[in-house]
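Below: one structure, written as structure tokens.
The values are calculated or read from the model by the stated rules, or taken from the named source; none is laboratory data. Nothing here was measured: the structure is a model prediction, and the numbers come from that model. Positions of Cβ are generated from backbone atoms using ideal geometry, with glycine treated the same way; all protein chains shown enter the neighbour counts. Protein only, heavy atoms only, side chains kept; ligands, DNA and RNA dropped before computing areas. Shrake-Rupley method; radii C 1.70, N 1.55, O 1.52, S 1.80 Å.
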Protein chains: 2
Amino acid sequence: MKRKPSTEATSAWIRLMRVQSRVLDCVEQDLKKAGFPPLAWYDALLELSRAPSGELRPVELERQMLIPQYSTSRLIDRLVDEGLACRRECKIDKRGQFVEITEAGRELQKRMWGAYSAAIEKYVGSKLSDADAVKLSGLLDRLGCSCGEMKLPPVVNVNASSPSR
Amino acid sequence: MKRKPSTEATSAWIRLMRVQSRVLDCVEQDLKKAGFPPLAWYDALLELSRAPSGELRPVELERQMLIPQYSTSRLIDRLVDEGLACRRECKIDKRGQFVEITEAGRELQKRMWGAYSAAIEKYVGSKLSDADAVKLSGLLDRLGCSCGEMKLPPVVNVNASSPSR
DNA sequence: CCTCACTCGATGCACCTGCATCAATCTTGA
DNA sequence: TCAAGATTGATGCAGGTGCATCGAGTGAGG
């Protein structure tokens, strides 16, 4: 027989949805008002800037960012159009390519982190003690794994000067 | 001088973003695979079904759902196209209208809740104890309020047979 | 009564997304 | 060596979203 969904789980679900969409909206708005592109661009630039020589295969980027393939493809188009990245041929696999971050890309990533980290502080840091933030992370982590077939990217360390993911 | 964003807050932020997008994706996929429309439709139908006579002004719906005006307008279009709601003239304010849920709308809302609650149970309830779900809700609530000018809708009770929001 | 500011809801436009599919290339295994 | 299948990345199409703006209607002040 079916188990009735717990009221607590439902309530947690609702809050999770509402709160993240509100907070995300706030952060994105702050960035937009400061004249920056969407957060997805930042994420991509960050991944690229971390990569060994500032370049990644699109398929790697896709796996890091957990977004669909076509989405990656078009995001790269836009980054290239804006001169934030450029495409390089991939000698070892002619189907593929490398995407390399440019100086302008690195520079934008750093400038965005200024605004981004300020927004996180404003909408998250200022509302939660460190201890509570840790508790929250812990509880969220338990939800994170194994929705269907899970492919969590090697979750990176969160250091002071760039947020990882 | 600027305060440096806390590592804990950043980490909590990242997890919040990642986890909710994963969990939401999973739930939406389950619903889609069961042949149901997107969750936004469910939310709208739920709000309507709860309203005094099953009808609301679009502007009310918009405030309940915290989505932009044009979004409400087009969502209503779609619901009406599918026969899940119908428009009624508003005698007291000729600019406005009422949107009324139909029987088909009520019926769909109930059927969706079956699949929806099962998905919540699967992706949230089964991973957290009730006590942890309560803790999570509490921590999230602290983030929820006052992003810029806050207009929290009168948050409704979460009862056993329909999830509220 | 009239005007002006505001609210309600719709819509044209640009862009973004999901889906399906494609061509090119790589890999596997007989 | 070669055919079958998998992988990489791009793209046409339909539909969803944000933004700006519009017309209609309301309501407060003079």
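Got the B:Gly138 label distances to the other copies yet, label 7 Å along Cα→Cβ, in nm, shortest first?
1.3
How far, in nm to one decimal, is B:Leu66 from itself in the other copies if the label point is set 7 angstrom along Cα toward Cβ? Shortest first, please.
2.0
By Cβ position, which chain A residue lies least far from the axis that rotates chain A onto chain B, and what is the distance to the nearest whole angstrom?
Result for the axis mapping A onto B: A:Gln20, 2.
Would you mind getting me the FRET efficiency between B:Ala131 and A:Ser71? Use the beta-carbon distance for r and R0 = 30 Å, nearest 0.05.
Values: r = 38 Å, r/R0 = 1.26.
For R0 = 30 Å, the calculated efficiency reads 0.20.
Taking the highest mean first, how do the peptides B:15-25, A:24-34 order by number of other beta carbon atoms within 10 angstrom per residue?
B:15-25, A:24-34
Please list, in chain and number order, the residues 5+ apart from A:Arg57 or on another chain whose amide H is under 5 Å from its amide H, with Hs placed from the backbone.
Excluding prolines and chain starts, which carry no amide H, the hits are A:Val99.
Stretch B:Arg57-B:Lys110 to full length: gain in nm at 0.36 nm per residue minus the Cα-Cα span? Numbers along the way, then the final one.
Details: separation 53, 0.36 × 53 = 19.08 nm, distance 2.19 nm.
Working it through step by step, the gained length comes to 16.9 nm.
Between chains B and A, what is the buried accessible area summed over both chains (1.4 Å probe, protein heavy atoms, nearest 100 Å²)? Before the final figure, lay out each step's value.
Numbers: alone 11520 and 11570 Å², together 16970 Å².
When B and A are taken together, about 6100 Å² of accessible area is lost.
For the range A:59-149, which GluC sites (Glu not before Pro) are in a loop by DSSP, counting at most 10 other Cβ atoms within 10 Å? Provide the component values of the computation, followed by the final result.
Details: sites: A:Glu60, A:Glu62, A:Glu82, A:Glu89, A:Glu100, A:Glu103, A:Glu107, A:Glu121, A:Glu149; in loops: A:Glu82, A:Glu149.
Taking the range A:59-149 and a limit of 10 other Cβ atoms within 10 Å, the loop GluC sites (Glu not before Pro) found are A:Glu149.
Would you calculate the separation in nanometres between label points at B:Ala34 and A:Gln29, each defined as 7 Å from the Cα along the Cα-to-beta-carbon direction?
For the pair B:Ala34/A:Gln29, the computed spacing is 3.4 nm.
State to the nearest 20 debye the size of the charge dipole of the range A:1-87 about its Cα centre, where the only charges are +1 on K and R beta carbons and -1 on D and E beta carbons.
620
What whole-number distance in Å separates the alpha-carbon centres of the range B:1-72 and the range A:8-72?
The range B:1-72 and the range A:8-72 have Cα centres separated by 17 Å.
Distance between the C-alpha centers of the range B:74-90 and the range A:91-141? Whole Å please.
Their Cα centres are 41 Å away from one another.
Between copies, how close do the A:Lys32 label points come, placed 7 Å along Cα→Cβ, listed in nm from shortest?
Result for A:Lys32, in nm, nearest copy first: 2.3.
Ignoring ligands, DNA and RNA, please state the percent of accessible area on the range A:1-120 from carbon and sulfur, probe 1.4 Å. Please list the in-between numbers first.
Working: 3150 of 6350 Å².
Whole-percent figure for carbon plus sulfur exposure: 50.
So the label point goes 7 Å from the Cα of B:Arg87 along Cα→C-beta, right? Which residues of the range B:93-134 then have their backbone N under 17 Å from it?
The answer is B:93-102, whose backbone nitrogens lie closer than 17 Å to the label point.
Would you tell me the mean number of C-beta atoms belonging to other protein chains that fall within 10 Å of each C-beta in B:113-123, as a whole number?
Counting Cβ atoms of other protein chains within 10 Å of each residue's Cβ and averaging gives 4.
Are there trypsin sites (Lys or Arg not before Pro) in the range B:71-106 that DSSP marks as loop and that have at most 13 other Cβ atoms within 10 Å, and which are they? Walk me through the intermediate numbers first.
Details: sites: B:Arg74, B:Arg78, B:Arg87, B:Arg88, B:Lys91, B:Lys94, B:Arg95, B:Arg106; in loops: B:Lys91, B:Lys94, B:Arg95.
Answer in residue order: B:Lys91, B:Lys94, B:Arg95.
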